[in-house]
Protein chains: 2
Amino acid sequence: MFHYELLRTDAGSAARRGMFQTPHGSVQTPAFMPVGTQGTVKGVTVDQLRATGAQMILGNTYHLALRPGEDVITDLGGLHTFFGWDGPILTDSGGFQVYSLADRAQTEETGVRFCSHIDGTAMELTPERAIAIQAALGSDIAMQLDHVVALPAERAVVADAMRRSLRWAERCQQAQTRSDQALFAIVQGGLDPELRRESAQELVKLDFPGYAIGGLSVGEPPAAMVRALDFTVPQLPANHPRYLMGVGRPLDLLEAIARGIDLFDCVIPTRNGRNALAFTDEGPLRLRNQCYTRDEAPLEADCPCVACRHSRGYLRHLFQAGEMLGPILLSIHNLTYYQRLMSAARDAIEQDVFAAFHAARLSGWNRGARSELASGGCEPSDA
Amino acid sequence: MFHYELLRTDAGSAARRGMFQTPHGSVQTPAFMPVGTQGTVKGVTVDQLRATGAQMILGNTYHLALRPGEDVITDLGGLHTFFGWDGPILTDSGGFQVYSLADRAQTEETGVRFCSHIDGTAMELTPERAIAIQAALGSDIAMQLDHVVALPAERAVVADAMRRSLRWAERCQQAQTRSDQALFAIVQGGLDPELRRESAQELVKLDFPGYAIGGLSVGEPPAAMVRALDFTVPQLPANHPRYLMGVGRPLDLLEAIARGIDLFDCVIPTRNGRNALAFTDEGPLRLRNQCYTRDEAPLEADCPCVACRHSRGYLRHLFQAGEMLGPILLSIHNLTYYQRLMSAARDAIEQDVFAAFHAARLSGWNRGARSELASGGCEPSDA
């Protein structure tokens, strides 16, 4: 039931305009998925989420399996019903969260043993279990379990984790039971061109409906991530979607789109929003700054989101007063900003002007950063 | 510009159906005002607030004057623009918050000296200052500064505070500068029929556009509050609205409407919502209770609010997981519940069946309470 179509490649870059169909509707790419970690995008109702322009969301298998448990979600009608989101959903495999959140995670060939970060319960996540949980959740796209290593790491460690991820990809494929759920593989191999190539080529032999690039945005400099995309993306087949996991800032998204990436997820828009940082085409605004106290302007004059019906002065007040509505409104604004950025990127690709669009956005963000440095009134805040 | 019209009095009770007009629109009474303490009803956007059925909201003068300050709100276009709410707004005088929140509040004839609960700054609130702040905020209805005493209290203390409140009412009236802002007086006098009568009669002589009953819901038993209404409301003129300040639970609202009250405000729907308690016609549900884990039903089958598009199991999960969306959705449900209760009360008065409506609701709430006690699975929670 999953089907990807490459609609157009930009004349001046590797940026792609595509779309894929899922049992819960289609997604125009490049696309950004808001992260619904625990069955909710933090602070945002599904109506508000749809109004941001979001087409598809991501759910975290690790969090949902721990609480409330996939059996509870099944009893409550599956993840779409539970969440109240009737559009496409992608679930990760839980691998990344185990490495980053769980206590005492130990990887063996069978899987990962770990202790829950909620109550310390000893648990195991195997490729088969990751697929079974995701089958129970009923997401439209499931991810293979992979072995993530923090960078920098020794080549032998990265190679070992990459090859284990290959074996786990095959086990995940064999464990699949649902024909209405597409399974994406994850390319690993750190910052090493040879290892990335081996990973991509071996996964392509297994023939997955989509390919993710994992193991980036895990501590390496942004330039290193971009280089990794330079040598990894060309290894992936053009007729399948490419998903860059856990990335990133607005500029990271455009760099990745320019290299042929189709799909993204990241907590940055909501996490930064909760910390009073608002994204704009003129760079980020740190709303706690004194200079916004009496600022009647909205965050962005042409933004249609509910936050932009208010003044910056009001939004600053909400954060100063510790009111929940501050994080809510800035999360909505930032999610809207990301969706508008993706929409503008799709338009630019359709018109073969992605490179110019990319340069114009970088210029605006840089101008904003310079202006902020030059303004004595706007000190860097805790955001 | 303020105008109240009594449309009908219920055949079997003192319940009244009325309406009043303000510069920002009309309000059908009986009406309930959600509380927007610091320029926001906690966790709820103005779109969501309007969707609950709210006609008018309350802003807290004490909080807004302390942070961001009424001068900032004036610079940002006044309270309606600041809040983003273009409907009617009532502001309290700050008196009650000074008594309940400020440090070292000392009342003299001039006014109240106190220290800000935010940073300890020494401040003074006089009748003239309370009116000046409210004039700067630009609310549709302003409240006089009154002297509130906690109950129980000695008769001499209650009498002294009531008579000071009378003198302050006159000073507030003289301090008024805006013709587009109605000033309501506040009847004081604790639980003493003589003192309440004196307060009401003296205020009526001063001829205010509306009368509030203050100094209730400050520690006395609910039955004592109802008795106080029994002897206070008849002292108030029929052709002016009557506002019972800071009350209350759904059953308190119906008891007060039955005695001729037109207007209410209270933090109970939002505060209890944030603590996982949902109001229903079958009594409150405590969503943290284990018994809701796999409950597929909405909070109320016929409720149109966004929370009721989800299962109780999902809502419980949000609270168990510490997700902001739990407090948000239950605040919206409870505000919707209160507005639907007011709407049903207005309908019942129009059909001369308020007493039967009142009895039916009490019966439902009692049935719910009994059922909760009988159910072993539902333990009382921290709500």
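The values are calculated or read from the model by the stated rules, or taken from the named source; none is laboratory data. Predicted model only: the values in this text are computed from it and were never measured. Methodologically, a virtual Cβ is constructed for each residue, glycine included, from the backbone with ideal geometry; neighbour enumeration extends over all protein chains shown. Areas reflect the complete protein model, heavy atoms only, side chains present, ligands, DNA and RNA absent. Shrake-Rupley method; radii C 1.70, N 1.55, O 1.52, S 1.80 Å.
Details
- Accessible area per residue in Å² at 1.4 Å probe, computed on region A:106-235: 40
- Here r is the Cβ-Cβ distance between residue A:343 and residue A:167 and R0 is 56 Å; the resulting FRET efficiency, rounded to 0.05, is 0.90.
- For residue A:21, label point 7 Å along C-beta direction: distances to other copies, nm: 5.8
- Region B:173-252 and region B:31-99: distance between their alpha carbon centers, rounded to Å: 22
- Modelled spin-label separation between residue B:197 and residue B:282, with each label point placed 7 Å from Cα along the Cα-to-Cβ direction: 4.7 nm.
- Bridgeable aspartates and glutamates around residue A:205 (alpha carbons under 14 Å apart, same-chain partners fewer than 8 residues away excluded): A:170.
- Using a 7 Å Cα-to-Cβ projection, residue A:297 label spacings across copies, nm, ascending: 5.3
- Distance between the pseudo-spin-label points of residue A:352 and residue B:351 (7 Å out from Cα toward the beta carbon): 6.9 nm.
- Of the peptides B:114-126, A:52-64, the ranking by mean beta-carbon count within 10 Å, highest at the top, reads A:52-64, B:114-126.
- For region B:269-355, the calculated P(r) over all alpha carbon pairs, in 10 Å bins from 0 to the bin holding the longest distance, is 19, 50, 20, 10, 1 percent.
- FRET E, pair residue A:150, residue A:207, Förster distance 25 Å, beta-carbon r, rounded to 0.05: 0.25
- Region B:146-212, accessible surface, carbon-and-sulfur percent (1.4 angstrom probe): 48
- Rounded, prolate or oblate (a/c below 1.5 giving rounded, otherwise prolate when a/b exceeds b/c) for region A:1-43 by Cα gyration tensor: oblate
- Annotation: lysines with alpha-carbon distance below 30 angstrom to residue A:42 (same-chain offsets under eight excluded): B:42.
- Efficiency of FRET between residue A:74 and residue B:362 - r from beta-carbon atoms, R0 51 angstrom, step 0.05: 0.80
- Shielding by partners - mean other protein chain Cβ count within 10 Å, residues of B:78-87: 2
- Full-stretch length increase - residue A:81, residue A:226 - with 0.36 nm per residue and alpha-carbon distance subtracted: 48.5 nm
- When DSSP beta bridges are restricted to pairs lying wholly in the protein assembly as shown, around 50% turn out antiparallel.
- Pseudo-label separations to other copies for residue A:367 - Cα-to-Cβ vector, 7 Å, nm: 6.5
- Counted by Cβ distance under 14 Å from residue A:311, the other residues give a net charge of 0, where Lys and Arg count +1 and Asp and Glu count -1.
- Estimated buried accessible area (total), pair A and B, 1.4 Å, Å² to nearest 100: 3400
- Taken one residue at a time, the phi angles of region B:253-265 give Karplus couplings (6.51, -1.76, 1.60, θ = phi - 60°) of 4, 5, 4, 6, 4, 4, 9, x, 7, 10, 9, 9, 9 Hz. Gly and Pro are set to x.
- ³J(HN,Hα), Karplus 6.51/-1.76/1.60, whole Hz, each residue of region A:301-313, x for Gly, Pro: 4, 9, 7, x, 6, 5, 5, 7, 7, 9, 7, 4, x
- Cα-Cα separations in the protein assembly as shown greater than 34 Å, expressed as whole percent: 55
- Computed over protein heavy atoms with a 1.4 Å probe, the accessible surface of region A:18-78 works out to 24 Å² per residue.
- Karplus (6.51, -1.76, 1.60) ³J(HN,Hα), θ = phi - 60°, over region B:162-167, in Hz, Gly and Pro reported as x: 5, 6, 5, 4, 4, 5
- From its DSSP helices (H runs of at least four residues, each -39,500 (n - 2.57)), chain A gives a residue-normalised ellipticity at 222 nm of -12500 deg cm²/dmol.
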